[in-house]
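*Asks:* Handing you a structure now.
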Amino acid sequence: MPPAPSVLVQVAHPDLGRSRVNAALADAVRGLRHVTVRDLYGTYPDHRIDASRERELLHTHSTLVLQFPFYWYSTPPLLKQWLDQVLPYGPALTGKTLRLAVSTGSAAHAYTCGGRTGFTMAELLRPLEATAHLTGMKLAEPLLVHGARDITDEELERTAEQYQELLSTPRRTLTQSCRPADVRRP
Ligand SMILES: Cc1cc2nc3c(=O)[nH]c(=O)nc-3n(C[C@H](O)[C@H](O)[C@H](O)COP(=O)(O)O)c2cc1C
């Protein structure tokens, strides 16, 4: 008897048909036996989320992966709506794992201490980290794909393989952000 699916990947890309990075990542893990991949925008084109169905899915998986392109240093709007309407208060998610898989248009150095954006990814992803904390979920090491427009086919293929491995191995802890004193802001 095959093991029950245990990783739920919620892909939140407003136009997955035109996506390069997120489409490749979703394709890379869709075939894995223990992984369920959902296309949030494709499932809910009218943005009417079936919260009970989504909670059922959360209940039957031990890891939740939120995969999305970074939009104005945040999630695309339907994923924010999904968080607002679906995440339960109380102990339902305690002990589960949350992993983020985020693509950015800017290159990695833009998100280093003193880089162009002025903030690290760990800092910018802090609200989702706090959400994991409040709901009792353990935060796994994120997959960050920077410079999405310039990434070569070979790099993207390697990243997709890394994604497959991450979803097949136990979690590691989140990268630490800069200390406040290290961050230069205008
Ligand atoms: C509305 C919008 C906002 C964006 N905001 C950011 C941003 O804040 N930081 C960034 O690095 N890239 C930003 N980008 C670039 C996207 O993150 C990038 O195009 C995406 O990760 C590429 O993934 P894809 O090939 O799956 O579409 C933005 C793109 C759009 C359309």
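*Asks:* Which of the residues spanning the stretch 100-112 are more than 11 Å from the ligand (Cβ to nearest atom), out of contact with any strand residue (DSSP E or B) (no Cβ under 6 Å at 6 or more places or on another chain) and within 13 Å of Leu124 (Cβ to Cβ)? Walk me through how you get there before you give the answer.
*Replies:* First pass over the stretch 100-112, keeping only residues more than 11 Å from the ligand (Cβ to nearest atom): 100, 109, 112.
Imposing the further condition that a residue be out of contact with any strand residue (DSSP E or B) (no Cβ under 6 Å at 6 or more places or on another chain) reduces the set to 109, 112.
Matches in the stretch 100-112: Thr112 only.
*Asks:* Which one is farthest from Trp82 (Cα to Cα), of the residues in the stretch 104-151 that are in contact (Cβ under 8 Å) with a residue 60 or more places away in the chain and part of a helix (DSSP H, G or I)? Walk me through it before giving the result.
*Replies:* Initial filter on the stretch 104-151 (in contact (Cβ under 8 Å) with a residue 60 or more places away in the chain): 113-114, 118-120, 123, 128, 137, 140, 143, 145, 148, 151.
Then keep just the ones that are part of a helix (DSSP H, G or I); that gives 123, 128.
Working: Glu123: 22, Leu128: 13 Å.
Checking each candidate, the answer is Glu123.
*Asks:* So for the stretch 39-55 (the condition being closer than 16 Å to Leu166 by Cα, within 16 Å of the ligand (Cβ to nearest atom), buried (at least 17 other Cβ atoms within 10 Å of the Cβ) and at pLDDT 95 or above), does at least one residue qualify?
*Replies:* No; the residues of the stretch 39-55 include none that is closer than 16 Å to Leu166 by Cα, within 16 Å of the ligand (Cβ to nearest atom), buried (at least 17 other Cβ atoms within 10 Å of the Cβ) and at pLDDT 95 or above.
*Asks:* I would also like to ask the following. Please go through the stretch 66-99 and pick out each residue that is among the β-branched types (Val, Ile, Thr) and either under 20 Å from Thr159 (Cα atoms) or more than 13 Å from the ligand (Cβ to nearest atom) (or both).
*Replies:* At the first step, the residues of the stretch 66-99 found to be among the β-branched types (Val, Ile, Thr) are 75, 86, 94, 97.
Hits for the stretch 66-99 are Val86, Thr94, Thr97.
*Asks:* Can you name the residue in the stretch 98-123 that is surrounded by fewer than 18 Cβ atoms within 10 Å (Cβ to Cβ) and of a type outside the set (Gly, Ala, Ser) and, of all such residues, is nearest to the chain's Cα centre (by Cα)? Walk me through it before giving the result.
*Replies:* If we filter the stretch 98-123 for residues that are surrounded by fewer than 18 Cβ atoms within 10 Å (Cβ to Cβ), which is where we start, we get 105-110, 112-118, 122-123.
This time we only want the ones that are of a type outside the set (Gly, Ala, Ser), so: 109, 112-113, 116-117, 123.
On the way: His109: 20, Thr112: 19, Cys113: 22, Arg116: 23, Thr117: 20, Glu123: 15 Å.
Only one residue fits best here, namely Glu123.
*Asks:* Does Ala26 satisfy being touching a residue at least 24 places away in the same chain (Cβ under 8 Å), within 15 Å of the ligand (Cβ to nearest atom) and touching a helix residue (DSSP H, G or I) at 6+ places or on another chain (Cβ under 8 Å)? Please lay out each step first, then the result.
*Replies:* On the way: touching a residue at least 24 places away in the same chain (Cβ under 8 Å): yes; within 15 Å of the ligand (Cβ to nearest atom): yes; touching a helix residue (DSSP H, G or I) at 6+ places or on another chain (Cβ under 8 Å): yes.
So Ala26 passes the test.
*Asks:* Would the stretch 30-37 turn up any residue that is farther than 24 Å from Arg126 by Cα, outside any helix (DSSP H, G or I), among the small types (Gly, Ala, Ser) and within 16 Å of the ligand (Cβ to nearest atom)? Outline the logic, then answer.
*Replies:* Going residue by residue through the stretch 30-37, those that are farther than 24 Å from Arg126 by Cα are 30-37.
Now narrow it down to the ones that are outside any helix (DSSP H, G or I): 31-37.
Now narrow it down to the ones that are among the small types (Gly, Ala, Ser): 31.
Those left that are additionally within 16 Å of the ligand (Cβ to nearest atom): none.
Checked the stretch 30-37: no residue is farther than 24 Å from Arg126 by Cα, outside any helix (DSSP H, G or I), among the small types (Gly, Ala, Ser) and within 16 Å of the ligand (Cβ to nearest atom).
The values are calculated or read from the model by the stated rules, or taken from the named source; none is laboratory data. Fair warning: this is a prediction, and the values are worked out from it, not measured in the lab. All Cβ positions, even for glycine, are placed from backbone atoms using ideal geometry, and neighbour counts span all protein chains on display.
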